[in-house]
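Inspection log for the structure reproduced underneath, given as structure tokens.
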Amino acid sequence: MDSRAAATILDPGLTGQSARPVEGIDNGYLAGYRVRFDEAGGNGLLRTSALLRYAQDVAWRHSEALGFDRAWYQARGLGWVVRGCELEIREPIPIGHTLRVSTAVVGHRRIWARRLGECRLADGRPAASVTTDWVLLDARNRVVRIPADFGVAFTNPEVRSEILRVEAPSDAVASVAELHVRPSDLDPLDHVNNAVYVDWLEEALDTGGWRTATEALPRSYRLEYLASAARGDRVEVALHGTAAAWSATIRRSDGADLVRAQGSA
């Protein structure tokens with residue numbers, strides 16, 4: 001099969017469609033995302049943080065397609081938040097390319113659920129994957145048990161593993177970058193979106209002299225979200241290790257840890 005034929009089969013269109021992207025998991029969704037000019041960096045390639053944005057958006061579209069839209073959550077005072085994620089970037093993703101982005105709920109425990117998102121190029125090659133652990137909060141920001149409704153709509157097994165974690169760095173600080181929360185960093189919940197922390201990490205890696213950590217392929221990132229930054233907060237990103245194997249802590253100016261992260265290239 002030539003690449004043009006493969007692209008026709010794989011391209012779900014921007015409207016999206018139900019799919020079964022993970023073998024043995026009876027739920028999923030697939031949509032096309034064209035890499036826009038503003039989503040690419042100076043090298044003409046998709047920024048790493050955009051992968052998290054795609055993964056978050058396609059997850060919402062999947063939920064909406066099964067009847068769990070924003071109105072459903074608002075009526076019940078519920079909302080999902082990210083507690084941990086892993087990214088693996090394998091191939092360069094150029095501006096103007098339409099990625100085939102899929103998502104599926106691949107497992108759950110009593111109070112959290114795991115999604116696997118995959119991004120494929122037009123010829124079917126996997127370009128990146130995003131594994132995300134979500135917890136469900138009520139209107140008072142308390143973690144609550146996942147409703148039985150989800151088990152019916154998002155059929156998936158109970159996982160034996162634990163929610164994604166990142167150990168606090170133990171070696172010396174290599175560099176520190178200071179940042180300020182801008183209005184453009186905020187999402188509809190008026191909190192800093194989870195993808196923004198990846199932008200902050202890559203800015204700190206770049207200014208700290210470790211640009212290779214943000215450009216090497218393949219490369220991987222792992223983040224644990226501990227708390228949310230909010231409008232007007234000042235934060236610092238402390239880096240440890242080396243460009244090939246780094247770890248970081250993002251914390252508010254009051255000393256509260258927001259995110260722990262690690263990466264390798």
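Evaluate the following for Ser170: is it of a type outside the set (Phe, Trp, Tyr), open to solvent by 20 Å² or more (accessible area, probe 1.4 Å) and either at pLDDT below 95 or out of contact with any strand residue (DSSP E or B) (no Cβ under 9 Å at 6 or more places or on another chain) (or both)?
yes
Return the residues of region 125-160 that are in a loop (DSSP other than H, G, I, E, B) and either open to solvent by 40 Å² or more (accessible area, probe 1.4 Å) or closer than 23 Å to Gly16 by Cβ (or both); say none if nothing qualifies.
Within region 125-160, Arg125, Ala139, Arg140, Asn141, Arg142, Arg145, Phe154, Thr155, Asn156, Pro157, Arg160 qualify.
Scan region 229-265 for residues that are in a loop (DSSP other than H, G, I, E, B), open to solvent by 50 Å² or more (accessible area, probe 1.4 Å) and charged (D, E, K, R) and jot them down.
Arg231, Asp254
Against the definition (crowded, with 17+ Cβ neighbours inside 10 Å, at pLDDT 95 or above and not in a helix (DSSP H, G or I)), how does Tyr221 come out, yes or no?
yes
Looking only at region 221-262, how many residues end up being more than 23 Å from Val135 (Cα to Cα) and either of a type outside the set (A, V, I, L, M, F, W, C) or in contact with a Pro (Cβ under 6 Å, 6 or more places away or on another chain) (or both)?
Matching residues across region 221-262 total 11.
For region 1-51, enumerate the residues that are under 23 Å from Ala104 (Cβ atoms), modelled with pLDDT under 60 and not β-branched (Val, Ile, Thr).
Ala6, Ala7, Leu10, Asp11, Pro12, Gly13 - these are the residues of region 1-51 that are under 23 Å from Ala104 (Cβ atoms), modelled with pLDDT under 60 and not β-branched (Val, Ile, Thr).
So, in region 67-119, of the ones that are in a strand (DSSP E or B) and among the acidic types (Asp, Glu), which residue ends up nearest to Leu164 (Cα to Cα)?
Ranking the qualifying residues of region 67-119, first place goes to Glu86.
Going by the conditions given, is Ala122 within 26 Å of Thr48 (Cα to Cα), aliphatic (A, V, I, L, M) and not in a loop (DSSP other than H, G, I, E, B)?
No; evaluated as a whole, the condition is false for this residue.
Among the listed residues Leu99, Leu189, which satisfies the condition of being open to solvent by 80 Å² or more (accessible area, probe 1.4 Å) and under 17 Å from the mean Cα position of the chain (by Cα)?
Leu189
So the check is Cβ under 7 Å with 6+ separation or different chains; which pairs have a first residue in region 111-132 that's on the phi > 0 side of the Ramachandran plot and a second one that's open to solvent by 20 Å² or more (accessible area, probe 1.4 Å)?
Every condition considered, the pairs that remain are Gly124/Leu10.
Could you check, for region 218-240, whether at least one of its residues is under 17 Å from Val176 (Cα atoms) and among the polar types (S, T, N, Q)?
Scanning region 218-240 turns up no residue that is under 17 Å from Val176 (Cα atoms) and among the polar types (S, T, N, Q).
Might you check whether a residue that is open to solvent by 30 Å² or more (accessible area, probe 1.4 Å), more than 28 Å from Glu202 (Cβ to Cβ) and part of a loop (DSSP other than H, G, I, E, B) occurs anywhere in region 35-46?
Scanning region 35-46 turns up no residue that is open to solvent by 30 Å² or more (accessible area, probe 1.4 Å), more than 28 Å from Glu202 (Cβ to Cβ) and part of a loop (DSSP other than H, G, I, E, B).
For Val237, indicate whether it is within 20 Å of Leu87 (Cβ to Cβ) and touching a helix residue (DSSP H, G or I) at 6+ places or on another chain (Cβ under 6 Å).
Yes.
Cβ-Cβ distance below 6 Å, separation of 6 or more or different chains: which pairs start in region 199-223 with a residue that is touching a residue at least 40 places away in the same chain (Cβ under 8 Å) and end on one that is open to solvent by 70 Å² or more (accessible area, probe 1.4 Å)?
Close Cβ pairs (under 6 Å, with a partner that is open to solvent by 70 Å² or more (accessible area, probe 1.4 Å)) amount to Pro218/Arg90; Ser220/Glu88; Arg222/Gln262.
Looking for something assigned to a loop (DSSP other than H, G, I, E, B), open to solvent by less than 50 Å² (accessible area, probe 1.4 Å), over 27 Å from Val135 (Cβ atoms) and touching a Ser or Thr at 6+ places or on another chain (Cβ under 9 Å) - is there at least one such residue anywhere in region 206-213?
Yes, region 206-213 has at least one match.
Condition first: of a type in the set (A, V, I, L, M), under 17 Å from Arg83 (Cα atoms) and in a loop (DSSP other than H, G, I, E, B). Now tell me which residues in region 169-205 satisfy that.
Leu189
The values are calculated or read from the model by the stated rules, or taken from the named source; none is laboratory data. Treat the numbers as computed from the prediction; the structure is a model and nothing was measured. Backbone-built Cβ (ideal geometry, glycine too); neighbour counts: all protein chains shown. In case anyone asks, the SASA skips ligands and DNA or RNA and just uses the protein heavy atoms, side chains included. Shrake-Rupley method; radii C 1.70, N 1.55, O 1.52, S 1.80 Å.
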